[in-house]
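Undergrad: Below is a structure I'd like to ask you about.
Just so it is clear, none of the values below were taken in a lab; they were calculated from the coordinates. Every value quoted in this text rests on a predicted model; they were computed, and no experiment measured them. All Cβ positions, glycine included, derive from the backbone under ideal geometry; neighbour counts span all protein chains shown.
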Amino acid sequence: MTEYKKYCYWLDSNRFTLVKKVLEEEGNQGTDETHLPCRVIKTSTELGYIAPSAWNGFCKRRTSWYWKSDKAEKFLIVSNKPMDIAGRKDPITIVESNFKPDRLPSEKEILELIELDEYRKRKPKGWDKPEAIEKDFYQIYFERYGATDSFDFEKLLKYHSANHANFIDPQFFENIKGEKAPYSISDSFYVCSSCLEFFNILGEKWPIKYVVPCIGAVKFAGLPMNHYFEVKTFGAVNSDGRVSAF
């Protein structure tokens, strides 16, 4: 994972079609992703495209936040190199980080996070309704990756919700140059759909975030477990309306 870096650009359908055509004419063949958004952040994927249909793929319930965000219906280009795209000078960047949080929330604070008003307002309709097969999926990976905790699906779902809530209305964050920098509130076993934070579907207001890959991103994108990545957005507009100067 040395020198890992990704550049991410959100585009509407028309702009995406034009950019993709130019890239192909220049000999840059990208990988089309229509099923698993996190796969484009693999180190080996030099250039990847995420179509809207990918958010209805394998992680449909878990990534349903996409459809309630300002990114809905947009395409995403993810590259190992910066790109010259007109009107898109400030990409989302994902890099390795040595970040370690000072502390993680207690069980009581986890419950408080999922009661936050902004989280409850933004939560998709089907988020709290996992299919039975999801329990099997998580239990398998708990065992495969050597979790030391006993498997508790209800606890897992609460942590998933609390983690997203902390990026929507941060209660656990670093203070960097006067800006909140929220972070994932648990390890890879207890976070879900980290692609939402990697790609600014959630936490879009914060110029810097520290994100742990979920177990899906560990499996499908090959990211290291329990390792924080820095997600930086130079053009982020904060809750008070200021544009980040990072």
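Undergrad: Across the chain, where is the longest run that never hits GluC sites (Glu not before Pro) in a DSSP loop with at most 11 other C-beta atoms within 10 Å?
TA: Details: sites that count: E3, E26, E73, E115, E131.
It works out to 132-246.
Undergrad: Helix 153-168 sits at what angle to the longest principal axis of the chain, using alpha carbons and giving 0 to 90 degrees rounded to 10?
TA: The answer is roughly 50 degrees.
Undergrad: What number, in percent, do you get for the relative contact order of the range 1-240 if the mean sequence gap of Cα pairs under 8 Å and at least 6 apart is divided by its residue count?
TA: Relative contact order comes out at 22 percent.
Undergrad: Using the Karplus curve 6.51 cos²θ - 1.76 cosθ + 1.60 with θ = phi - 60°, work out ³J(HN,Hα) for each residue of the range 4-19 in order, rounded to whole Hz, and write x for Gly and Pro.
TA: Per residue, the Karplus-derived 3J(HN,Hα) values read 5, 7, 10, 10, 10, 10, 8, 9, 6, 4, 5, 5, 4, 4, 5, 5 Hz.
Undergrad: Of all DSSP beta bridges located in the range 156-238, what percent are antiparallel, nearest 5? Mind dumping the intermediate values first?
TA: Values: 8 of 9 bridges.
Taking every DSSP beta bridge with both residues in the range 156-238, the antiparallel ones total about 90 percent.
Undergrad: Moving on to the next point. Got the relative contact order for the range 161-240 handy, in percent, Cα pairs under 8 Å and 6 or more residues apart?
TA: Numbers: 143 pairs, mean separation 21.1, N = 80.
Rounded, it is 26 percent for the range 161-240.
Undergrad: Net charge near P105, counting Lys/Arg +1 and Asp/Glu -1 over other residues with Cβ under 14 Å of its Cβ? Numbers along the way, then the final one.
TA: Numbers: positive: R103, K108, K155, K158; negative: D102, E107, E109, E112, E115, D169, D187.
Here the count lands on -3.
Undergrad: Take the Cα coordinates of the range 113-221, assign each an equal point scatterer, and use the Debye formula without solvent to give log10 I(q)/I(0) at q = 0.15, 0.16, 0.17 Å⁻¹.
TA: With one equal scatterer per Cα and no solvent, log10 I(q)/I(0) is -0.64, -0.73, -0.81.
Undergrad: Using label points projected 7 Å from each Cα along Cα→Cβ, tell me how many nm separate K129 and A72, to one decimal.
TA: 1.7
Undergrad: Ok, one more. Counting only other residues whose beta carbon sits under 10 Å from that of P52, what net charge do I get with K and R as +1, D and E as -1? It would help to have the intermediate numbers written out before the result.
TA: On the way: positive: K71, K74; negative: E73.
My count for the surroundings of P52 gives +1.
Undergrad: Using only the Cα atoms of the range 173-238, build the gyration tensor, take square roots of its eigenvalues as a ≥ b ≥ c, and label the shape rounded, prolate or oblate: rounded if a/c is under 1.5, else prolate if a/b is larger than b/c, else oblate. Kindly include the intermediate steps, with their values, before the conclusion.
TA: Values: a/c = 2.45, a/b = 1.82, b/c = 1.35.
In terms of gyration-tensor shape, prolate.
Undergrad: Would you tally the net charge around K129, using a Cβ to Cβ cut-off of less than 13 Å, leaving K129 out, and scoring K and R as +1, D and E as -1? Provide the component values of the computation, followed by the final result.
TA: Details: positive: K60, R61, R62, K123, K125, K135; negative: D128, E131, E134.
Its environment carries a net charge of +3.
Undergrad: Kirkwood Rh over alpha-carbon pairs of the range 1-240, then Stokes-Einstein at 25 °C and 0.890 mPa s: what D in µm² s⁻¹, rounded to an integer? Before the final figure, lay out each step's value.
TA: Working: Rh = 18.2 Å.
The calculation lands on 135 µm²/s.
Undergrad: Here is a further query. Run through the DSSP bridge list for the range 1-240 and note the antiparallel percent, rounded to the nearest 5.
TA: Details: 26 of 30 bridges.
The antiparallel proportion sits near 85 percent.
Undergrad: So what's the back-of-envelope 222 nm ellipticity for the chain, counting only DSSP H runs of four-plus at -39500 (n - 2.57) apiece and dividing by all residues, rounded to 500? Could you put the intermediate results ahead of the total?
TA: On the way: 7 runs with 66 residues, N = 246.
That calculation yields -7500 deg cm²/dmol at 222 nm.
Undergrad: To the nearest 20 debye, what charge dipole does the chain have about its Cα centre, counting +1 at the Cβ of each Lys and Arg and -1 at the Cβ of each Asp and Glu?
TA: Details: 36 positive and 36 negative charges, 80 e Å.
The calculation lands at about 380 debye.
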